[in-house]
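Written out below as structure tokens is the structure these notes cover.
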Amino acid sequence: DVKVTQSSRYLVKRTGEKVFLECVQDMDHENMFWYRQDPGLGLRLIYFSYDVKMKEKGDIPEGYSVSREKKERFSLILESASTNQTSMYLCASAGGQLPYEQYFGPGTRLTVT
Amino acid sequence: QKEVEQNSGPLSVPEGAIASLNCTYSDRVSQSFFWYRQYSGKSPELIMSIYSNGDKEDGRFTAQLNKASQYVSLLIRDSQPSDSATYLCAVNRAGGSYIPTFGRGTSLIVHP
């Protein structure tokens with residue numbers, strides 16, 4: 001079974017703090033993703049990576065950056081957290097052959113106060 | 001803008017009935033289609049993928065794909081209260097794209 005883990009289930013940070021969210025997958029997948037999910041807005045893609053050190057912006061990259069130094073690990077960084085970044089953050093990985101099934105981690109509920 | 005549309009629901013069915021969830025998509029070149037189940041406060045869990053026209057069955061779940069009409073559906077037979085969740089439809093583009101477009105989900109309630 002694919003396993004995607006995230007560093008924290010719940011996180012509370014203050015406005016202006018730098019926040020690191022980490023994601024690790026154990027299936028040797030090339031592709032990894034960060035989403036945020038908010039009520040009424042669905043899943044929105046923040047960034048994705050198709051290889052080590054490679055990254056592409058998704059639909060809502062503003063205020064975020066990412067790092068992928070190793071194939072199994074994909075980090076999301078909030079440079080200066082703001083209250084509008086309070087959300088559920090979901091990491092996913094996909095790889096292998098078509099149809100490129102995407103598997104999600106358990107999510108991190110981030111609250112910025 | 002590629003779109004994936006789902007009725008937000010809630011869809012309410014009695015226990016033991018068949019629940020039918022539908023999804024339409026706008027991109028004709030879409031190639032792979034997925035159904036996820038998401039319980040409140042949890043992350044999406046992959047139920048099934050399908051990429052050929054027709055039906056694909058896995059236990060109580062059947063995915064149906066009709067590329068000509070651009071819709072994909074999920075049937076849940078013998079629905080149980082534990083099936084109560086939001087069901088997300090996702091669609092990958094053709095050409096080997098691994099980036100899905102997600103619908104906003106349909107809420108399913110199975111009442112005893």
Review point. What are the residues of the range B:14-47 that lose 10 Å² or more of accessible area, with a 1.4 Å probe, going from their chain alone to all protein chains?
Key: B:31, B:32, B:34, B:36, B:38, B:41, B:42, B:43, B:44, B:46
Practice item. Evaluate peptide B:62-74: per residue, the Cβ atoms of other protein chains within 10 Å of its Cβ; return the mean as an integer. Key: 0
Practice item. Show which lysines lie in cross-link reach of residue A:53 when reach means a straight Cα distance below 22 angstrom and same-chain residues fewer than eight apart are skipped. Key: A:3, A:18, A:70, A:71
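Which whole-number percent is the relative contact order of the range B:4-53 (Cα, under 8 Å, 6+ apart)? Don't skip to the end; give the middle numbers.
Numbers: 40 pairs, mean separation 14.2, N = 50.
For the range B:4-53, the relative contact order is 28 percent.
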Check your understanding: Taking the alpha-carbon centroid of each part, what is the distance from the range A:44-72 to the range A:74-113 in angstrom?
Key -> 10
Study note, to complete from the structure: Counting other chain Cβ atoms within 10 Å of each Cβ in A:24-34 and taking the mean gives 1
Check your understanding: Hey, what did chain B get for relative contact order, percent, Cα under 8 Å, at least 6 apart?
Key -> 38
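Rounded to the nearest percent, how much of the accessible area of the range B:65-112 (1.4 Å probe, protein heavy atoms only) is carbon and sulfur? Could you put the intermediate results ahead of the total?
Working: 970 of 1850 Å².
Carbon-and-sulfur percentage of accessible area, whole number: 53.
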Practice item. Can you tell me what the convex hull of the Cα atoms of chain A projects to on average, as an area in nm²? Key: 6.7
Practice item. Show which lysines lie in cross-link reach of residue B:67 when reach means a straight Cα distance below 30 angstrom and same-chain residues fewer than eight apart are skipped. Key: A:57, B:2, B:56
Review point. So, with a 1.4 angstrom probe, what is the percent of accessible area on the range A:1-71 that is carbon and sulfur?
Key: 49
**Study point:** Cross-link partners of residue B:42 among aspartates and glutamates (Cα-Cα below 16 Å; sequence separation of 8 or more within a chain)
**Key:** A:38, B:83
Check your understanding: For the range B:29-48, list residues with backbone N below 16 Å from a point placed 7 Å from the Cα of residue B:17 toward its Cβ?
Key -> none
Check your understanding: Between chains B and A, what is the buried accessible area summed over both chains (1.4 Å probe, protein heavy atoms, nearest 100 Å²)?
Key -> 1800
**Study point:** FRET efficiency, 1/(1 + (r/R0)^6) with R0 35 Å, evaluated for residue B:55 and residue A:50 via beta carbons
**Key:** 0.60
Review point. Taking each residue of A:94-104 in turn, how many C-beta atoms of other protein chains fall within 10 Å of its C-beta, and what is the average?
Key: 6
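The values are calculated or read from the model by the stated rules, or taken from the named source; none is laboratory data. Keep in mind that what you see is a predicted model, and the values were worked out from it rather than measured. Don't worry about glycine lacking a Cβ; one is built from the backbone with ideal geometry, like all the others, and counts go over all protein chains shown. The accessibility values were calculated without ligands, DNA or RNA, using every heavy atom of the protein model including side chains. Shrake-Rupley method; radii C 1.70, N 1.55, O 1.52, S 1.80 Å.
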